[in-house]
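Since the structure comes first, as structure tokens, the remarks are kept for the end.
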Amino acid sequence: MKELPLSGLEVFVTIAEHGSLRQAAKVLGVQPPAISYRLKALEERIGTPLFVRTTRSVSLTDAGKSLLVRARPALDELGGALEDARSAGTALKGTLRLTLPLVAYELTIAKRLPAFHAAYPDIELELSFSEAFVDIVAGGFHAGIRLGDHLRDDMIAMRLGPPIKEVVFGTPAYFERHGRPRQPADLLRHNCVRYRYIASGRYAEWQFLGSEGVTGIDVKGSLTVNSTAALVRAVRDGVGIGWLFRPCVEDDLQSGWLESVLSDYAIERPGYFLYYPRANAGIQALRVFIDFMRV
């Protein structure tokens, strides 16, 4: 597409509205010769005169009248678009698009959302749940939420919650029937409820901290799910043993409905962070969201 002569069109519309080149120069804050030059360049590009000029006045030609009908509303629309863009970064309204795993939603922002919406009713949140490592720029997201050990170096990150421990858990009745594992390798003799990632299709590897560092156990079981809620429900119902972030089952552990095992081998993860590209740092709606949600 050829470059549009926007400065020439602005000059043309201003002359038409104010009736003279000199007055147009005053309105636009330039010298009269600059107005004359831009008008001449526009007419040469179009290939026809737009004004009939005398020593006392200027009047539109038929071509000028035709152009004015289309150019004036187009410039008004463009001016409005520029003003919207100028205010978008500072307005406490509009839509914020975030990508995050469902677990991150449940552990970091779900309980705070009612209060946030009450405080900022004109900010609309659009949450896209995914465990995949989404390119937030390519995906059109303003920000994302991920574990702190899964962040790119070129992103600005803000902590949303404390470090998170992992936990192996089951019902007391299950452990009474099948015994309690004393070390991670004992899990190979248990029925484990496994989790399969939706995006990659991989099983979540159960990881533990030992004398040689972090090791993974390829557990087996009769049930695989792709929902953490379904995983917890199955373990509550006595299907088998589960492995998840401890805050997801903390209430059940405190009540005694579930028990934890292998606590000495539990890994502590860095917790969830909200991250975003530097280009989005000036978006005011994002700033207030971060300030509201951060620890």
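The values are calculated or read from the model by the stated rules, or taken from the named source; none is laboratory data. Note that the structure is a prediction, hence the values are computed from the model and not measured. With ideal geometry, Cβ positions are generated from the backbone for all residues, glycine too; neighbour counts draw on all protein chains shown.
Values computed for the structure shown
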| quantity | calculated |
| --- | --- |
| Residue within the stretch 200-211 that is in a loop (DSSP other than H, G, I, E, B), touching a Pro at 6+ places or on another chain (Cβ under 9 Å) and either more than 30 Å from Arg287 (Cα to Cα) or among the hydrophobic types (A, V, I, L, M, F, W, C) (or both) present | no |
| Single residue of the stretch 131-156 satisfying the filter (closer than 25 Å to Tyr195 by Cβ and surrounded by fewer than 16 Cβ atoms within 10 Å (Cβ to Cβ)) that is modelled with the lowest pLDDT | His150 |
| Which listed residue, of Ala25, Ala16, Ala34, is buried (at least 18 other Cβ atoms within 10 Å of the Cβ), free of Cβ contacts under 8 Å to residues at least 12 places away in the same chain and not hydroxyl-bearing (Ser, Thr, Tyr) | Ala25 |
| Scope the stretch 251-290; condition among the acidic types (Asp, Glu), out of contact with any strand residue (DSSP E or B) (no Cβ under 9 Å at 6 or more places or on another chain) and either surrounded by 14 or more Cβ atoms within 10 Å (Cβ to Cβ) or in the same structural domain as Thr99 (by TED's automatic domain parsing) (or both); matching residues | none |
| Residue match in the stretch 193-214 (condition: within 19 Å of Thr171 (Cβ to Cβ), exposed (fewer than 13 other Cβ atoms within 10 Å of the Cβ), at pLDDT 90 or above and of a type outside the set (Gly, Ala, Ser)) | no |
| Flag for Val69 being in a helix (DSSP H, G or I) and surrounded by 14 or more Cβ atoms within 10 Å (Cβ to Cβ) | no |
| Condition broken by Cys248, with the remaining ones in (1) in contact with a strand residue (DSSP E or B) (Cβ under 7 Å, 6 or more places away or on another chain); (2) crowded, with 19+ Cβ neighbours inside 10 Å satisfied | (1) |
| Filtered residues of the stretch 236-266 (kept if under 17 Å from Ile217 (Cβ atoms) and touching a Gly at 6+ places or on another chain (Cβ under 9 Å)) | Gly240, Ile241, Gly242, Ser260, Val261, Tyr265 |
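For (1) within 32 Å of the chain's Cα centre (by Cα); (2) over 23 Å from Phe273 (Cα atoms), each residue gets a yes or a no:
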| position | (1), (2) |
| --- | --- |
| Val167 | yes, no |
| Phe175 | no, yes |
| Gly179 | no, yes |
| Leu187 | no, yes |
| Ala204 | yes, no |
| Thr224 | yes, yes |
| Val232 | yes, yes |
